[in-house]
1. For region 175-192, what are the residues that are open to solvent by 20 Å² or more (accessible area, probe 1.4 Å) and under 17 Å from VAL34 (Cβ atoms)?
2. Scanning region 175-192 for residues that are among the aliphatic types (A, V, I, L, M) and not in a helix (DSSP H, G or I), which turns out nearest to GLN107 (Cα to Cα)?
3. Just the residues that are within 22 Å of LEU24 (Cα to Cα) and of a type in the set (Gly, Ala, Ser), please, taken from region 35-94.
4. Among the residues of region 11-24 satisfying the criterion of being in a helix (DSSP H, G or I) and near the ligand (Cβ under 9 Å from one of its atoms), which is farthest from GLN178 (Cα to Cα)?
5. Given the criterion at pLDDT below 95, out of contact with any strand residue (DSSP E or B) (no Cβ under 7 Å at 6 or more places or on another chain), more than 10 Å from the ligand (Cβ to nearest atom) and of a type outside the set (Ser, Thr, Tyr), identify the matching residue among HIS79, HIS95.
6. Which one is farthest from the ligand (Cβ to nearest atom) among residues in region 28-44 that are surrounded by fewer than 19 Cβ atoms within 10 Å (Cβ to Cβ) and modelled with pLDDT of 95 or more?
Amino acid sequence: MDSTGSSGRLVVVSGPTASGKSTLWRRLVLHPQVGFSVSATTRQPRPGEVDGKDYFYVSNERFQQMIANGELLEHAMVHGCYYGTLRSEIQKALHVGLNIVLEIDVQGFEQLRQSGLPMVSVFVKPPSMEILAARLRERGSETEEQMARRLSIVEKEMAHADEYDHVVVNDDLEAMIQQVHDLLGLEMQNQS
Ligand code: 5GP
């Protein structure tokens, strides 16, 4: 519940790697009615990423402990590393805004769907596999081996798109971001 008495909801954003979902997430969280949750992961930080801001970077051992303690609302192994949503983060974020945007993979979404929590879900599709591969190459943050692994599971992820409330195609980033704000009934915020 927020100060106006409305219930909060989760906004799940999923999509293949380099689909534009992270950019969408960054823009959504600029909105005053949007809160976010920092996930835990066993992946190593990328250059520029900050512990506690981008993710909580934890050891495999600590992650297993979190699962055992019931600290995670959902978790999944993605691209060889663990990722999970902390219950404490969701509780905290519910006080911040009506919409809590979670950028999680399709496996995590399946678990959340079963939780019965109020949510709206959006799947972001790249315009084509060729464009997705080119975007990933431009990003340059993955080794060839990591990239091949990511691309190999993209098709599997895409097969889940229909399970989401909304599917948007990122052939024009700004238009896609506007479309998602409209779907959520949010006014788009200026970037600062
Ligand atoms: P990246 O390593 O590029 O930051 O994220 C890789 C994948 O992990 C993305 O598909 C992202 O949506 C997913 N992911 C990030 N955080 C979570 C989480 O808390 N739970 C789940 N299930 N997936 C996550």
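The values are calculated or read from the model by the stated rules, or taken from the named source; none is laboratory data. As the structure is a prediction and not an experimental result, all values here were calculated from the model. All Cβ positions, glycine included, derive from the backbone under ideal geometry; neighbour counts span all protein chains shown. We work out accessible area using only protein heavy atoms, side chains counted, and drop any ligands, DNA or RNA first. Shrake-Rupley method; radii C 1.70, N 1.55, O 1.52, S 1.80 Å.
1. Scanning region 175-192 gives GLN178, GLN179, ASP182, LEU183, GLY185, GLU187, MET188, GLN189, ASN190, GLN191, SER192.
2. Of everything passing the filter in region 175-192, LEU186 is nearest to GLN107 (Cα to Cα).
3. Within region 35-94, GLY35, SER37, SER39, ALA40, GLY48, GLY52, ALA76, GLY84, ALA93 meet the criteria.
4. SER22
5. Only one candidate qualifies: HIS95.
6. GLN44
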